[in-house]
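Here the structure comes first, spelled out in structure tokens, and everything after it is commentary.
The values are calculated or read from the model by the stated rules, or taken from the named source; none is laboratory data. Predicted model only: the values in this text are computed from it and were never measured. Here the Cβ positions follow ideal geometry from the backbone for every residue, glycine too, while neighbour counts run over all protein chains shown. Heavy atoms of the whole protein, side chains included, go into the accessibility calculation; ligands, DNA and RNA do not. Shrake-Rupley method; radii C 1.70, N 1.55, O 1.52, S 1.80 Å.
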Amino acid sequence: MPASEDQELFAFTNCELLDKGNNTTLIKNLSNNKELLVQHEVAVALTHLSNFKTLEQHSFDLINIFPQLKGDLKGASTVLKSVRDAQMMVSADMTIRNLQKESGSRRALLPSTRVFIITCDRPPALHRLLDSIHTAGQLERHDSIFVIDNSRHTKNSSENQKIVDTINRGSEKGIIYFGASLQDKLLKTLLDSIPEEEIGIRFLLDSEKWSFESSYGLSRNLCLLLSVGYRALILDDDILCEAIKPPLSSSGLFFGDGSNRKAVFYQSRDQMQEIRVQTGFNPLIAHSKILGESTSKALSLLQHGSLNQNALNGSNAAFLSSISADSPILISQCGSWGDPGTHNPHWILNLDEASVTKIMESPGGLSGALNNRACWVGYDRACLSKNANISQLTGLDNSYLLPPYFPIYRGEDSLFGTMTTCLHPNSVVANLNWAVPHFPIEDRKERDAKSPIVGDPGLGLLSRHLSDNLELKAQATVDNNLKLISKYFSTYSEKSKKEVFDLFKSERSKRLNEASANLRIRLTSSNINSRSWIKYLERGIEEIETAIKNVDLLNYEDSEINVLHYQKFASDFSSSLSAWELIRHESKSFTSTVC
């Protein structure tokens, strides 16, 4: 049933603005070639209406953004109606129809799945996870199951291999232990096959090269090379293979930006285990039902009924205009039940008001939420988004050309998600609304309320800069997009040291100022009547402002940042990207000897 006229949702997107002089601007709708000549101020105002809302909501936004409108709601509404009638805005109703069209490119049979468990010096966690995987059953549904062991201590790697061997003796579905020996064999095979790509290969895969770094991405690169042509399900070793219902739930689905997650905090993980409600389905199978499907098929699987405009309310129109019914789900994610998995606990500053209110009402309050690390974080309903965030159980459709992970540093998931979007601008991420238990065995008390709010920028800073600055040409092939990403990284090594340093300083200042502005808005607009929350926001602003001053005081001459060091990383990663398709191809023959 169509919405009434005053409830219809519209957005302004995919339009070109051409200055025509005399304070006028020609708007050209690139979707339908319609044109409209307006005053320059009107054109500028329209660029702020990129999310789907009613015309009344847009009018309210405009009078709040532009004081010069002097609160003239009726005048703003009249202008927007004329812009709508001139077909300069896209409607949610038309967008829904386009997304629900019968997909013309849906594959008759999705590629098989391969399961990968990434482990590092945590034999008890690995044993616990493998037990839960066997309890969940249906192992025959997967082509292969791998344990990727990145342990630094021989004792732990030996114990991990024994755990796998013991389980294999009592199971029909064998698990492949991919430890140091096989990893070295893969590395040697690739170096022998394509010696001219040694720099790129070693950067991505040489564990000895990164023996003194936290190499989160290296193990994931192994997963990618062992699953070329398959769909990969990648599990952290400290989760359980169970699907937990979200404590908050809504019907249907929505389209978001990957940052609309909600959270509920608990007193302890023991309490969480007592109150958890299982879904009754196998989380690996649930991922595989969505991963690789077209958007139209995913909508029918996740929506449980016809899609209505509410699913688009507040969503970004540019994202929705970039996808279609045929857009593939290349990444699938789910929520977390237990430890949120974040290195910095202050991610709760980005939560919505409802989630923060629940924190304040919980027995431990704000400090308990930050210190206990016992929470549910995820979505109250399925969410389709553009960029991936992070998940302890992630699905990747590796039958498409996916990028490699940066082998070291935090934020490798964020950079991988951005690069995947750059390679496949029409792809979609499925965020599923259930969660997997995540109970690390090591003590993480250092990640508490006292930890700095402003942490190491990590690869997230690079990810956002890449997203903002990489210009992808319309209808470009994935090969060309990969070349553009490779060129993006090589550019860093071609700049002078001072240019690279100044770029880092500028980008860091930009992001810190954005964070400060967001906290100030929260401080002035929050309806949460809690002194601890107000003090927390004030602390955040103070720490960020101090960090901004420190960035402003940085000088290239006396900075401790080793620019040449990072320029070499950028150059080597560019070489890895250039050779990536060839590396993938050569790895397939090696994998056939293992599986």
Of residues in the stretch 302-330 being modelled with pLDDT under 90 and open to solvent by 60 Å² or more (accessible area, probe 1.4 Å), the one farthest from the chain's Cα centre (by Cα): Ser306
Helices (runs of 4 or more DSSP H) enclosed by the stretch 36-139 - at least 3 residues per element that are touching a Gly at 6+ places or on another chain (Cβ under 8 Å): none
Single residue of Val594, Val551 found to be touching a strand residue (DSSP E or B) at 6+ places or on another chain (Cβ under 7 Å) and farther than 29 Å from Leu484 by Cα: Val594
Number of positions in the stretch 162-179 that are part of a helix (DSSP H, G or I) and surrounded by 18 or more Cβ atoms within 10 Å (Cβ to Cβ): 3
Residues satisfying the stated conditions in the stretch 231-242, i.e. part of a loop (DSSP other than H, G, I, E, B), in contact with a Phe, Trp or Tyr (Cβ under 9 Å, 6 or more places away or on another chain) and open to solvent by less than 10 Å² (accessible area, probe 1.4 Å): Asp238
Residue count for the stretch 492-545, restricted to those that are within 18 Å of Ser571 (Cα to Cα), without any contact (Cβ under 8 Å) to a residue 40 or more places away in the chain and of a type in the set (Ser, Thr, Tyr): 1
Test for Asn518: is it polar (S, T, N, Q), over 17 Å from the mean Cα position of the chain (by Cα), assigned to a helix (DSSP H, G or I) and surrounded by 19 or more Cβ atoms within 10 Å (Cβ to Cβ): no
Number of the condition not met by Ser391 [criteria: (1) free of Cβ contacts under 8 Å to residues at least 24 places away in the same chain; (2) buried (at least 23 other Cβ atoms within 10 Å of the Cβ)]: (1)
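Taking the conditions exactly as written (assigned to a helix (DSSP H, G or I), farther than 30 Å from Gly365 by Cα, modelled with pLDDT of 90 or more and open to solvent by 80 Å² or more (accessible area, probe 1.4 Å)), does Lys505 satisfy them or not?
On the way: assigned to a helix (DSSP H, G or I): yes; farther than 30 Å from Gly365 by Cα: yes; modelled with pLDDT of 90 or more: yes; open to solvent by 80 Å² or more (accessible area, probe 1.4 Å): no.
In short, no.
So which residues in the stretch 243-261 are among the charged types (D, E, K, R) and crowded, with 20+ Cβ neighbours inside 10 Å, if there are any at all?
Kept after step one, since they are among the charged types (D, E, K, R), are these residues of the stretch 243-261: 245, 257, 261.
Matches in the stretch 243-261: Arg261 only.
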Pair list, Cβ < 6 Å and 6+ apart or interchain, from the stretch 356-378 residues that are modelled with pLDDT of 85 or more to residues that are among the aromatic types (Phe, Trp, Tyr) and part of a loop (DSSP other than H, G, I, E, B): Ala374/Tyr266
Enumeration of residues in the stretch 415-436 that are farther than 23 Å from Ser486 by Cβ, open to solvent by 10 Å² or more (accessible area, probe 1.4 Å) and polar (S, T, N, Q): Asn433
Given (1) in contact (Cβ under 8 Å) with a residue 60 or more places away in the chain; (2) open to solvent by 20 Å² or more (accessible area, probe 1.4 Å); (3) farther than 19 Å from Phe254 by Cβ, index of the condition Lys20 fails: (1)
Asp479 vs. criteria farther than 30 Å from Leu253 by Cβ, open to solvent by 50 Å² or more (accessible area, probe 1.4 Å) and in contact (Cβ under 8 Å) with a residue 12 or more places away in the chain: yes
The stretch 186-201 - residue that is in contact (Cβ under 8 Å) with a residue 40 or more places away in the chain and part of a helix (DSSP H, G or I) and, of those, farthest from Ser227 (Cα to Cα): Ile199
Looking only at the stretch 343-365, and only at residues there that are more than 24 Å from Gly460 (Cβ to Cβ) and of a type outside the set (Gly, Ala, Ser), the one that is most open to solvent (accessible area, probe 1.4 Å): Glu361
Single condition Asn529 does not satisfy, out of (1) in a loop (DSSP other than H, G, I, E, B); (2) open to solvent by 50 Å² or more (accessible area, probe 1.4 Å); (3) touching a Ser or Thr at 6+ places or on another chain (Cβ under 9 Å): (3)
Unique residue being at pLDDT 95 or above and open to solvent by less than 20 Å² (accessible area, probe 1.4 Å) when the list is Ile548, Ile583: Ile583
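For Pro340, state whether it is open to solvent by less than 40 Å² (accessible area, probe 1.4 Å), part of a loop (DSSP other than H, G, I, E, B) and closer than 24 Å to Ala243 by Cα.
On the way: open to solvent by less than 40 Å² (accessible area, probe 1.4 Å): yes; part of a loop (DSSP other than H, G, I, E, B): yes; closer than 24 Å to Ala243 by Cα: yes.
Yes; evaluated as a whole, the condition is true for this residue.
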Selection from the stretch 202-230 of residues that are within 18 Å of Tyr177 (Cβ to Cβ) and either acidic (Asp, Glu) or not in a helix (DSSP H, G or I) (or both): Ser207, Leu226, Ser227
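Considering only residues that are open to solvent by 50 Å² or more (accessible area, probe 1.4 Å), hydrophobic (A, V, I, L, M, F, W, C) and either in contact with a Leu (Cβ under 6 Å, 6 or more places away or on another chain) or modelled with pLDDT of 90 or more (or both), which ones fall in the stretch 81-119? Please lay out each step first, then the result.
Initial filter on the stretch 81-119 (open to solvent by 50 Å² or more (accessible area, probe 1.4 Å)): 81-82, 85, 87, 93-94, 97-98, 100-102, 104-109, 112.
Pick out the ones that are also hydrophobic (A, V, I, L, M, F, W, C) and you get 94, 108-109.
Residue satisfying the conditions is Met94 alone.
Residues that are of a type outside the set (S, T, N, Q) and within 12 Å of the chain's Cα centre (by Cα), at least 3 per element: which strands (runs of 3 or more DSSP E) completely within the stretch 346-441 meet that? Talk me through it step by step, then tell me what you get.
Numbers: elements: 375-378, 382-385, 393-397, 428-438.
Passing ranges, in order: 428-438.
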Members of the stretch 541-582 found to be assigned to a helix (DSSP H, G or I) and of a type in the set (Val, Ile, Thr), listed by number: Ile541, Ile544, Thr546, Ile548, Val551, Val563
